[in-house]
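Some notes on the structure that comes next.
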Amino acid sequence: MKNFINKFFGTGRSDVNPATGGRQLASTSPVVVVSGLPRSGTSMMMKALEAGGLPVLIDGLRSADTDNPEGYYEFERVKELDKGDTAWVAEAQGKAVKVISALLEYLPADYQYRVIFMNRNIEEVLNSQRKMLSHRGENVEATNDAEMAELFAKHLTKVKEWLRAQPNFATLDIDYNAMLRDPESHIRTINQFIDNTLDEQAMVKIVNPELYRNRA
């Protein structure tokens, strides 16, 4: 099970530690962070923000595939946050960047962040991740779904408690499943959370229920 968790997050850490800092915050545009568990709709959100006119920080190193035909919208250096690679964050100001929930705590404390946190039915997240690993030819040992769901629920609780305690983080929770049913109202809320300058009609067009393939 530990191997599955590590593969799931792409990092050896899944806990959340108290933030340290006290440095003066940068007085520039906030970094828009799209976060959540892997396979929770973060790529769709990144694509929607891009369509709405918000610049995105991506490198294109991970190509679209069967599991994510619209692209992953990743920036590879994000995966090194827990190893101290944070110099790129300055470049992310005024842009959207995808950071999985397990790595949020490693973002440097001297920037302002607006976090769009994607929430999805955990059973669907686990099913989607298993299928993706299987497509890659990776062996995933049998796991207890109830136990896995409990572990990830506890992880999300810790992450959200940590976010609420950070004075330089503002967070908007978005329900992926509800957004597929009613994209217009969710996009409107997201636009208001960012800066109310995004093209909402263009963003709504990105929300594609046909990609909702792993249902609970």
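Here are the numbers for the structure shown:
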read-out: Test set (1) farther than 23 Å from F75 by Cβ; (2) of a type outside the set (K, R); (3) modelled with pLDDT under 90 - L133 fails condition number; value: (1)
read-out: Count of residues meeting criterion [modelled with pLDDT of 95 or more and surrounded by fewer than 18 Cβ atoms within 10 Å (Cβ to Cβ)] in the stretch 183-199; value: 7
read-out: Candidate set: the stretch 62-78, residues that are of a type in the set (A, V, I, L, M, F, W, C) and at pLDDT 90 or above; chosen: the one surrounded by the fewest Cβ atoms within 10 Å (Cβ to Cβ); value: F75
read-out: Residue among L126, L107 that is at pLDDT below 90 and buried (at least 16 other Cβ atoms within 10 Å of the Cβ); value: L126
read-out: Identity of the residue in the stretch 28-44, under 16 Å from W88 (Cα atoms) and part of a loop (DSSP other than H, G, I, E, B), that ends up nearest to the chain's Cα centre (by Cα); value: P30
read-out: Elements of type helices (runs of 4 or more DSSP H) in the stretch 158-205, at least 3 residues being out of contact with any helix residue (DSSP H, G or I) (no Cβ under 7 Å at 6 or more places or on another chain); value: 176-181, 183-194
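Conditions tested, residue by residue: (1) charged (D, E, K, R); (2) at pLDDT 85 or above; (3) exposed (fewer than 15 other Cβ atoms within 10 Å of the Cβ); (4) under 20 Å from D173 (Cα atoms).
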site: S40; (1), (2), (3), (4): no, yes, no, yes
site: G60; (1), (2), (3), (4): no, no, yes, no
site: Q93; (1), (2), (3), (4): no, yes, no, no
site: Y113; (1), (2), (3), (4): no, yes, no, yes
site: N121; (1), (2), (3), (4): no, yes, no, yes
site: A142; (1), (2), (3), (4): no, no, yes, no
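The values are calculated or read from the model by the stated rules, or taken from the named source; none is laboratory data. For clarity, every value in this text was computed on a predicted model and none was experimentally measured. Cβ coordinates were reconstructed from backbone atoms using ideal geometry, including for glycine residues, and neighbour counts include every protein chain displayed.
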